[in-house]
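What follows is one structure encoded as structure tokens, with my remarks underneath.
All of the numbers you see were taken from the coordinates with simple rules; none came from a lab. What you see is a predicted model, and the numbers here were worked out from it, not measured in a lab. Note that each Cβ is placed from the backbone with ideal geometry, even for glycine, and that neighbours are counted across all protein chains shown.
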Amino acid sequence: MAFRLADPGATYRTPVAIAVPAAGGRTEKLGCVLHFRLLEASEVRDLALEGDEAYLAGILAGWEEIADFDGEPLEFDGENVEKLARIGYFTRSVAEAYDRFSQGLPAKNSVASLANGSAGGAARTKRKKTHARSVSG
């Protein structure tokens, strides 16, 4: 099969492990599914220079398996992207996952091992999913 350029409007559903701080200086890996946009490298660099909120808003097109404090699905919108951008460990984990994704590298420390050892683990957990929406406002 011949190499084809990616559809500029396509999004890519990607399981991601978020390394969350835990007691005793450890981290706990919690899974979510992010809908990545495949951007040109120069666009990603420009977004990174604008700050974490612009970076996340630029690379993300939606998410699943992200919940608020009470366990309710967190809607994908500009306000919630802004909230998550203020969480350093979230942004770092997403940036690492996006970097590997955009380079065509296999996921490192993915959520595959978090749920029954299956590659689609995070997508099959019992929590309600939040459907992808474009970020507004």
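Quick look at the values:
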read-out: Equivalent-ellipsoid semi-axes of the stretch 15-88, from the Cα gyration tensor, Å, largest first; value: 23, 15, 12
read-out: Footprinting exposure proxy for Arg37, Arg4, Arg13 (fewest neighbouring C-beta atoms within 10 Å first); value: Arg4, Arg13, Arg37
read-out: Ranked Ile87, Ile66, Ile18, criterion: other C-beta atoms within 10 Å, fewest first; value: Ile87, Ile66, Ile18
